[in-house]
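The block underneath contains the structure these notes are about, expressed in structure tokens.
The values are calculated or read from the model by the stated rules, or taken from the named source; none is laboratory data. Everything quoted here is computed from the prediction, not taken from an experiment. Reconstructed Cβ throughout: ideal geometry from the backbone, glycine too, with neighbour counts over all protein chains shown. Accessible surface is based on the protein model in full, side chains and every heavy atom, while ligands, DNA and RNA are left aside. Shrake-Rupley method; radii C 1.70, N 1.55, O 1.52, S 1.80 Å.
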Amino acid sequence: MEETILTVNHLKKEYEGKPILNDLDLEVKKGEVVVIIGPSGCGKSTLLRCMNGLEQIQSGSVKLREDTIEAGAGNLVRIRQKIGMVFQNYELFPHLSVLNNILLAPTKVQKRDKKDVKEEALKLLDRVGLRDKADSYPRQLSGGQKQRVAIVRALCMNPEILLFDEVTAALDPEMVREVLDVMLELAKQKRTMVIVTHEMQFAQAVADRVLFIDQGKILEEGTPEEIFKHPKKERTKQFLNIFQFKKVEERKIS
Amino acid sequence: MNWEYIQKYLPMYEKAALLTLKLGVIGILCAILIGLCCAVILYYRVPVFKRIVAVYIELSRNTPLLVQLFFIYYGLPKIGIATSAEVCGIAGLAFLGGSYMAESFRSGFEAIDKIQEESAASLGMNSHQIMRYVILPQAVSVSVPGFLANIIFLLKETSVFSAISLMDLMFTAKDLIGLYYKTTESLVLLVFFYLIILLPVSLLGMWVERRVRYAGFGA
Amino acid sequence: MPDLGLDVLGKGSNLLRLLGGLGIALRISLIAVVISIPLGLLLGTLMTGKNVVLKFFLKLYLEFIRIMPQLVLLFLVFFGSTRVFGWQPTGELSAIIVFTLWGAAEMSDLVRGALISIPVHQYESSQALGLTKGQTYCYVIIPQTVRRLIPLSINLITRMIKTTSLILMIGVVEMIKVAQQIIEANRTASPNAAFGVYLVVFVLYFLACWPISLLAKYLERKWG
């Protein structure tokens with residue numbers, strides 16, 4: 001049995017009196033890839049943001065090993081170094097070159113030697129096929145390239161766990177693939193990842209475990225096989241159906 | 001046009017222009033410092049201070065520099081705060097310019113998405129590092145066009161320094177008009193020297209504005 | 001409490017005289033604004049037009065006006081007119097001329113900025129809906145431009161009011177001049193009058209400009 005890295009315990013989150021997350025429990029084990037799916041506004045992105053202390057929570061707890069993650073807490077800066085997060089809109093720093101985007105946190109936050117980090121960064125850029133873009137600026141890159149840089153930026157901190165918040169949602173379809181391939185590669189390396197996505201086929205391919213969240217609760221969870229092929233709950237079936245298209249004639253009959 | 005006259009009084013204008021420049025540059029540097037402090041206070045919503053800054057900005061932006069100078073130069077000595085005319089000029093320019101600089105820095109800060117801050121935080125940066133490495137560089141470069149416009153504005157405003165008997169360009173021109181009635185020559189020299197001071201900054205401003213509008217970082 | 005020289009204002013009609021001075025400043029800016037706004041609208045629209053020669057000369061004129069300190073412009077008109085036109089305008093008339101020219105230049109720049117800030121696809125999508133050029137301007141472009149312009153032109157008014165403080169330098173008797181007279185007249189009776197009187201001048205200018213600034217800010221937020 002692998003050790004547990006991240007624990008979410010009875011998590012409650014409200015926004016302006018409306019419940020977003022409702023008494024949610026979750027454990028993520030080392031080397032596990034957890035994919036979270038669910039309709040818009042179900043709270044899946046909020047859950048991810050809570051895991052990085054970006055949201056104030058009302059009750060319950062989020063823990064990375066023994067450390068409690070809480071917005072505004074003093075230990076947050078230290079814990080966040082162990083949690084990598086990739087955002088929907090890349091959020092690269094526009095005033096820095098690709099390389100400097102990656103080097104900023106390892107050198108300034110972790111105070112690591114610039115030469116070592118640079119070597120590592122270039123190696124990682126090479127792995128995602130962007131070695132030649134090291135001196136480019138974010139605005140000179142395509143969306144897919146930016147997102148791959150954002151992943152490298154998170155990786156370069158050597159995090160224990162990676163959080164992906166709808167990282168392909170802002171991309172053109174032909175660029176989705178290049179980003180997902182990078183993530184599949186990370187899964188192969190047994191990285192611990194929590195992924196929020198709308199790419200169902202990708203979810204099936206990459207996940208060890210899939211969670212279906214609706215109205216702030218985990219409604220159903222299981223292996224990709226269980227969730228996508230044999231969903232038990234009606235709500236899950238309904239949701240997955242959205243991604244299926246029937247032929248026009250069939251629709252008329254039903 | 002009397003060239004002999006122009007030649008004779010050119011050095012006087014040069015001296016005056018240098019005074020204008022000197023006071024202008026020092027005043028503007030102080031204004032930048034004040035503006036940056038105010039903008040940072042407003043950005044972090046520092047309690048109490050943010051109110052003081054808000055009041056200062058309104059007072060400074062809604063009164064003319066000439067009146068501010070008269071108050072500093074003639075009024076304050078009556079309650080025991082007396083300094084030289086030069087210091088008053090600089091203080092007045094800094095008081096006026098601080099609020100304008102604060103506004104352009106503030107709009108720079110506002111232009112930066114909240115999520116940039118979050119993404120920096122998720123990399124483990126503390127608030128000081130986020131400000132220094134992520135927010136400030138972006139905010140400053142977004143503010144550059146407004147910032148240059150402010151510099152032109154403040155350099156122009158120095159023209160009222162003559163009212164507190166500083167021997168700047170306006171003072172010199174008025175003096176010479178009064179003394180010798182060489183109105184045309186005096187005015188031509190006046191315009192000429194202001195152009196020398198202001199045109200480069202103005203051209204720089206246009207160039208930067210075009211660059212910012214069409215390109216952005218790393219062009 | 002030290003003598004702040006505020007008592008001077010209570011004497012005779014001193015405060016009223018001061019307000020009268022402010023009135024003159026406000027009158028001059030009002031006249032200048034009323035003339036310069038339509039003028040600026042016209043010039044600004046011309047600036048976005050196609051006539052290159054016209055645009056060049058307009059640009060030259062506008063940039064000269066905008067780059068020169070207003071006080072220099074006042075000097076040029078007040079002292080220079082006699083030489084060039086053989087005619088000496090009064091200080092007040094010089095002020096109105098300068099503020100109108102300057103206001104129109106600033107206004108035209110605001111108009112140009114507002115016009116070019118409307119994205120091209122606004123024109124295109126209007127055309128795609130089958131609107132004529134006139135209809136496009138009437139229903140789509142002008143309403144958007146006006147919303148951007150109104151707060152900015154209101155701000156221009158406060159800038160003008162503040163700039164009227166300069167007309168003291170060409171001998172117009174406005175608020176600061178009146179203040180100087182009051183201080184001078186009470187030099188022996190109230191030696192500290194400079195503090196109190198200039199403080200009041202400061203406050204009066206603030207009271208004249210602040211509400212207008214607030215209005216501009218409110219509209220900017222409402223339509224922003």
Accessible surface buried upon B-C contact (total; probe 1.4 Å; Å², nearest 100): 3500
I'd like to know which of A:LEU240, A:VAL86, A:SER97 lies farthest towards the positive end of the charge dipole of chain A, counting +1 on Cβ of Lys and Arg and -1 on Cβ of Asp and Glu. A:SER97
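Give me the percent of the accessible area of the stretch B:78-120 that comes from carbon and sulfur atoms, probe 1.4 Å, all protein chains in place.
Numbers: 910 of 1660 Å².
Here it works out to 55 percent.
Let me spell out the model: positive unit charges on the Cβ of Lys and Arg, negative unit charges on the Cβ of Asp and Glu, origin at the Cα centre of chain A. What dipole size does that give, in debye rounded to 20? Walk me through the intermediate numbers first.
Working: 41 positive and 38 negative charges, 75 e Å.
Computed about the Cα centre, the dipole is about 360 debye.
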I need the GluC sites (Glu not before Pro) found in the stretch A:1-100, filtered to DSSP loop residues with at most 16 other beta carbons within 10 Å of theirs. A:GLU2, A:GLU3, A:GLU16, A:GLU66
Summed buried accessible area for A+B [probe radius 1.4 Å, Å², rounded to 100]: 2000
Derived scalar couplings ³J(HN,Hα) [the stretch C:64-81; Karplus, 6.51 cos²θ - 1.76 cosθ + 1.60; whole Hz; x for Gly, Pro]: 4, 4, 6, 8, 7, x, 4, 5, 4, 4, 4, 4, 4, 6, 5, 8, x, 4
Starting from the stretch A:75-113, pick out the trypsin sites (Lys or Arg not before Pro) whose DSSP state is loop and whose Cβ has at most 13 other Cβ atoms within 10 Å. A:LYS111
Percent relative contact order for the stretch C:6-223, counting Cα pairs under 8 Å at least six residues apart, stands at 32
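Would you mind classifying the stretch B:8-214 by shape? Square roots of the alpha carbon gyration tensor eigenvalues, ordered a ≥ b ≥ c; an a/c under 1.5 is rounded, otherwise it is prolate if a/b is larger than b/c and oblate if not. The partial results should precede the final answer.
Details: a/c = 3.37, a/b = 1.73, b/c = 1.95.
Since a/c reaches 1.5 but b/c is at least a/b, the shape of the stretch B:8-214 is classed as oblate.
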DSSP H segments from chain B that extend 24 Å or more along their own axis, Cα-based, with Kyte-Doolittle mean of 0.0 or above: B:3-44, B:85-110, B:136-157, B:183-214
Going by a 1.4 Å probe on protein heavy atoms, which residues of the stretch C:182-215 end up with at least 50 Å² less accessible surface in the whole assembly than in their chain alone? C:PHE195, C:TYR198, C:PHE202, C:PHE206
Cα radius of gyration and Dmax for the stretch A:41-150 (Å): 15.9, 47
So what J values fall out for the stretch A:99-113 if you push phi through Karplus, 6.51 cos²θ - 1.76 cosθ + 1.60 with θ = phi - 60°, rounded to Hz, Gly and Pro as x? 4, 5, 4, 6, 6, 3, 5, x, 7, 8, 8, 8, 6, 7, 5
Per residue, how much space in cubic angstrom lies within the convex hull of the C-alpha atoms of chain A? 153
Quick one: which bits of the stretch A:66-107 get at least 20 Å² less accessible when the partner protein chains are in, versus the chain alone, with a 1.4 Å probe? A:VAL77, A:ARG80, A:PHE87, A:GLU91, A:PHE93, A:PRO94, A:HIS95, A:LEU104, A:ALA105
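Ignoring any ligand, DNA or RNA, what whole percent of the accessible area of the stretch C:144-224 comes from carbon and sulfur when the probe is 1.4 angstrom?
Working: 2180 of 3460 Å².
Accessible surface attributable to carbon and sulfur in the stretch C:144-224 totals 63 percent.
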Please give the average number of partner chain Cβ atoms lying within 10 Å of the Cβ of each residue in B:189-197, rounded to a whole number. 3
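How much accessible area per residue does the stretch C:70-224 have, in Å², with a 1.4 Å probe? Intermediate values should be presented prior to the final figure.
On the way: 6990 Å² over 155 residues.
For the stretch C:70-224, the per-residue accessible area is 45 Å².
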Pair-distance profile P(r), taking every C-alpha pair of the protein assembly as shown, with 10 angstrom steps and integer %: 3, 12, 19, 18, 15, 13, 10, 6, 3, 1, 0
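Let me know the shape class of the stretch A:85-132, please: from the alpha-carbon gyration tensor, a ≥ b ≥ c as square roots of the eigenvalues, rounded when a/c is under 1.5, otherwise prolate if a/b is greater than b/c, or oblate.
oblate
Tally Lys/Arg at +1 and Asp/Glu at -1 over every other residue whose Cβ is under 15 Å from the Cβ of C:GLN144; what's the total?
Values: positive: C:ARG112, C:ARG147, C:ARG148, C:LYS222; negative: C:GLU124, C:GLU220.
So the environment of C:GLN144 carries a net charge of +2.
Taking the Cα centre as origin and putting +1 on Lys and Arg beta-carbons and -1 on Asp and Glu beta-carbons, what dipole magnitude results for chain C, to the nearest 20 debye? Each step should come with its number before you reach the end.
On the way: 19 positive and 10 negative charges, 99 e Å.
Rounded to the nearest 20 debye, it is 480 debye.
Averaged over its residues, how many other protein chain Cβ atoms are within 10 Å of peptide C:168-181's Cβ atoms?
Details: counts 5, 7, 1, 0, 0, 0, 0, 1, 5, 0, 0, 3, 2, 0.
Average per residue, whole number: 2.
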Please work out the C-alpha center-to-center distance from the stretch B:4-33 to the stretch A:172-247 and express it in whole Å. 69
Within the stretch B:156-205, which chymotrypsin sites (Phe, Trp or Tyr not before Pro) sit in a loop by DSSP and count at most 14 neighbouring Cβ atoms inside 10 Å? B:TYR181
Beyond a 31 Å Cα-Cα separation, which of these cross-linked pairs lie in this structure: A:LYS217/C:LYS222; B:LYS156/C:LYS217; A:LYS188/B:LYS114; A:LYS82/A:LYS133? A:LYS217/C:LYS222; A:LYS188/B:LYS114
Provide the per-residue ³J(HN,Hα) series for the stretch A:89-95, in order, calculated from phi with Karplus coefficients 6.51, -1.76, 1.60 and θ = phi - 60°, each as a whole number of Hz, with x at glycine and proline positions. 9, 6, 6, 5, 8, x, 8
Distance between the C-alpha centers of the stretch B:158-197 and the stretch A:25-67? Whole Å please. 69
Excluding same-chain residues fewer than 8 positions from C:LYS133, which aspartates and glutamates have a Cα within less than 19 Å of its Cα? C:GLU124
When a/c reaches 1.5 or more, the comparison of a/b and b/c decides; with that in mind, is the stretch A:1-71 rounded, prolate or oblate per its Cα gyration tensor? oblate
Under a 5 Å amide H to amide H cut-off, with H placed in plane at 1.01 Å, what residues pair with A:VAL33 once short-range neighbours are removed? A:MET193, A:ASP208, A:ARG209
Could I have the simple spin-label model distance between C:PHE57 and A:GLU185, label points 7 Å from Cα toward Cβ, reported in nm to one decimal? 6.5
